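What follows is a set of notes on a single structure, which appears directly below.
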Amino acid sequence: MTEQNSRTDAEMPVEIAGAGPAGLAAAITLARAGRQVVVHEMHREVGHRFGGDYQGLENWTTKEDVFKVLERQGITTDFNAPPGDNCTIYDPAGNEHRIKSDEPLFYLVERGPGPGTLDSALLEQAQSLGVDVRFNSRLREMRGEGILAAGPRAADAIAVGYHFDTDMDDGYWAICDNELAPEGYAYLLVANGRGTVKTCMFSGFKQEKRYLERTVAAFERLAGMTMRNPQPHGGSGNFHIPTTAYSGLHPRVGEQAGFQDALWGFGMRLAISSGVLAAQSLLSGENYDRLWQRELKPQMDAAVVNRVLFSLASNRSFTRFFSYLSTRKNLRESLRWQYQFTFPKRLLSPWARRRYESHRKDVTCDHVDCYCIWCRGDCCVHD
Ligand SMILES: Cc1cc2nc3c(=O)[nH]c(=O)nc-3n(C[C@H](O)[C@H](O)[C@H](O)COP(=O)(O)OP(=O)(O)OC[C@H]3O[C@@H](n4cnc5c(N)ncnc54)[C@H](O)[C@@H]3O)c2cc1C
């Protein structure tokens, strides 16, 4: 008997593919419970695909503030996160709608390897708990216990734009106009002399250059945007509610599983929560599918209905919708309600799911166990 075979599962390190929020949240949860964990990250640093991107950590899907939720999950909150309680939204006619909430709608976080970012904080917490994070290590197969946290596998939406320096005051702006961001929205986030401007598109990907030019011109005109040293940046998102989030015996977490907010692409919380749930399932033996379907699926189902309704909205209906939003006193609560899988949403769900199809095939592996990372026909080696 080899030394490896003589060790019990609980003594063997759990392998995790990917040091994004999902993989690191899983690693932290396992390490806190005393398990040995090795995280493989194919890049030389955390948050490589984001490098300084500003993102919103949404604060509307739970009644409890997201920071309380993170604390309860045992996940660090030691990263910079100024609260976002107001935003200026422009409708397609250029009318301004000021939106204000009593409680933060989101927290602005920075992604990437630098100080104060979400990714660095998660890495630091994982390493302080003894997690072995191996950079420049691309995992191609997984033989023992492990979690697949390798990010998106298809592009259902793309966000393209720039990171830049600026003299503008801090603020948050968005434009909903199908001429700038088909079926999506354009946004501008500025804090501490740095900014992110993006068009987030759910269709028309091939014309991204044209939509980005229009987005930049619109923010210059409407919000007085000024950019110094603009650096192009972009990425994709994968939205998919799988029938099972296992590949063989291995749980898939975050965008690797397709877990995303189909309405607007706020995927960070789903990534962290699914990482925590997958780790808990390994620790307790509880079925991971049962856990994420109970904790995460209702809000994803609601988001799919929201997405289909949003994508059918004309430019005229945006104007009415934002006028309504700007009159809401408790906007966080209104948004939270939109993400509840309420009776009307349940009724619309089969129709919405038929209309909304991820660009990714459902590649769920139905083998008893599978040693590959991707579990895709073209690179999958089944025993
Ligand atoms: C431009 C843009 C803006 C966004 N804005 C927001 C926002 O405002 N709010 C929000 O909530 N969400 C936002 N998102 C979505 C959010 O960033 C993702 O949902 C989240 O990062 C997903 O986390 P993850 O851990 O699943 O995947 P990732 O963050 O992609 O991490 C996966 C990691 O796995 C590594 N990896 C891949 N393959 C392997 C392998 N074989 N072996 C080892 N390592 C591997 C990758 O290098 C990567 O580091 C945005 C996304 C984009 C692209």
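The values are calculated or read from the model by the stated rules, or taken from the named source; none is laboratory data. Note that this is a predicted model, so its numbers are computed, not measured. Counting neighbours? That spans all protein chains shown, and the Cβs are built from the backbone with ideal geometry, glycine included.
Restricting attention to region 160-187, report how many residues are in a loop (DSSP other than H, G, I, E, B) and within 16 Å of residue 227 (Cβ to Cβ).
Selection size over region 160-187: 5.
I'd like to verify a number: residues in region 235-261 that are in a strand (DSSP E or B), among the hydroxyl-bearing types (Ser, Thr, Tyr) and modelled with pLDDT under 95, how many?
2
Scan region 140-159 for residues that are assigned to a strand (DSSP E or B), within 20 Å of residue 232 (Cβ to Cβ) and more than 8 Å from the ligand (Cβ to nearest atom) and report the count.
1
So that you can scan it fast, the table gives a plain yes or no per residue for (1) within 9 Å of the ligand (Cβ to nearest atom); (2) among the charged types (D, E, K, R):
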{"position": "48", "(1), (2)": "yes, no"}
{"position": "56", "(1), (2)": "yes, no"}
{"position": "64", "(1), (2)": "no, yes"}
{"position": "85", "(1), (2)": "no, yes"}
{"position": "92", "(1), (2)": "no, no"}
{"position": "122", "(1), (2)": "no, no"}
{"position": "125", "(1), (2)": "no, no"}
{"position": "138", "(1), (2)": "yes, yes"}
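Would you pick out the residues in region 262-277 that are over 20 Å from residue 336 (Cβ atoms) and either touching a residue at least 60 places away in the same chain (Cβ under 8 Å) or in a loop (DSSP other than H, G, I, E, B) (or both)?
275, 276
With the condition kept exactly as written, say whether any residue in region 12-21 is of a type outside the set (A, V, I, L, M, F, W, C), outside the structural domain of residue 178 (by TED's automatic domain parsing) and assigned to a strand (DSSP E or B).
yes
Looking only at helices (runs of 4 or more DSSP H) that fall completely inside region 278-383, which ones have 1 or more residues that are at pLDDT below 80?
315-327
For region 275-296, which residues satisfy the criterion of being farther than 24 Å from residue 122 by Cβ, charged (D, E, K, R) and under 20 Å from the mean Cα position of the chain (by Cα)?
Answer for region 275-296, where residues must be farther than 24 Å from residue 122 by Cβ, charged (D, E, K, R) and under 20 Å from the mean Cα position of the chain (by Cα): 289, 294.
Inspect all residues belonging to region 170-188 and state whether any of them is in contact with a His (Cβ under 6 Å, 6 or more places away or on another chain) and either under 23 Å from residue 271 (Cβ atoms) or of a type outside the set (Lys, Arg) (or both).
no
Any idea which residue in region 212-247 is nearest to the chain's Cα centre (by Cα), counting only those that are closer than 26 Å to residue 171 by Cβ and within 14 Å of the ligand (Cβ to nearest atom)?
Per the criteria, the residue is 237.
Residue check: is residue 122 assigned to a helix (DSSP H, G or I), within 23 Å of the chain's Cα centre (by Cα) and not polar (S, T, N, Q)?
So residue 122 passes the test.
Taking region 45-79 as the region of interest, how many residues are part of a loop (DSSP other than H, G, I, E, B) and touching a residue at least 60 places away in the same chain (Cβ under 8 Å)?
Number satisfying all stated conditions: 16.
Select from region 199-228 the residues that are under 17 Å from residue 310 (Cβ atoms) and part of a strand (DSSP E or B) and list them in ascending order.
Selection gives 199, 200, 201.
So, residue 258, is that one of a type outside the set (Asp, Glu) and closer than 23 Å to residue 159 by Cβ or not?
Yes, satisfied.
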